[in-house]
Amino acid sequence: MATGHADPQRRERILAATLDHIAEEGVAGVSHRRIAARAGVPLGSMTYHFGGMDELLHEAFTRFADRIVAVFDEHLSRAETREGAREAVTDLVHTLSDGPRRDLILAQELYTLAARRPEYRQLTRARMRRSRELLERHFDPATARRLDALVEGLTLHRALDDEAPHDRALTHQAVTRITTGA
C-alpha cells in the first residue's frame, strides 16, 4: 500500500468506500476496519484523515448531498421558461427515481440519521435549502418548498413501486398543479 505522500487520493477513496459500504450494508455496519479494507488503505489512515466515525460519516454524507444538489442544478439550470422549469422538475424526479438504487438507499440512510441526530438534520436541512434555492430561480419560495417535497416524495414512490410506478405524464401533471395552483 502506498504511503500518504504517494497516495494523494487516499482520503477520497475512504469517503467513496464509506458511501459504497453504507449503500450495501447500512450505517449500522460501518466500522473503521471495514471501510479501511474496502478502500484498500491501512487502518491507521482512518484516524489520520478523520477525527472519528462521526466526522467520516458527516463528510461522506455531505459529499452525497452535494452530488444530489448538483443533479438539481444540472436539470434546473437548463430551464429558460416557466414551462421549461416544469419539464426540468419532471425530468429531475424521473432521473432520481430511475437512477442508481444506491442513491435511494443513501438518501434513506441519511434521512434516518437526520431523524435521530441533530447534526445530520442540519446537513439535510442545508441540502434541502440549497435545492429550494435552485427551484427559486423559477418559482416563488412557497412553491419551491412544495416542489422540493414533491420531488422527494415522488422520487421515493416511483423508485419503490415495482408494480405500477406513475409515468412522466402524471409527474408533469403534479408539478403543473403545484406551480399553477390548479
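The values are calculated or read from the model by the stated rules, or taken from the named source; none is laboratory data. Given the structure is predicted, the values throughout are model-derived calculations rather than measurements. SASA here: full protein model, heavy atoms, side chains in, ligands and nucleic acids out. Shrake-Rupley method; radii C 1.70, N 1.55, O 1.52, S 1.80 Å.
What the table shows:
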{"item": "Folded to 0 to 90 degrees: helix 82-98 orientation relative to the chain principal axis, Cα", "result": "40 degrees"}
{"item": "Tilt relative to the chain, helix 118-135 - C-alpha long axis, 0 to 90 degrees, to 10", "result": "40 degrees"}
{"item": "Global size of the chain as Cα Rg and Dmax, reported in angstrom", "result": "18.5, 61"}
{"item": "For region 65-130: accessible area per residue (Å², 1.4 Å)", "result": "51 Å²"}
{"item": "Calculated from backbone phi, Karplus (6.51, -1.76, 1.60) coupling profile of region 28-42 in Hz, x at Gly/Pro", "result": "4, x, 7, 8, 4, 4, 5, 5, 4, 4, 5, 7, x, 10, x"}
{"item": "Accessible area of the chain belonging to carbon and sulfur atoms, whole % at 1.4 Å probe", "result": "53 percent"}
{"item": "Degrees, to the nearest 10: 141-160 long Cα axis against longest axis of the chain", "result": "70 degrees"}
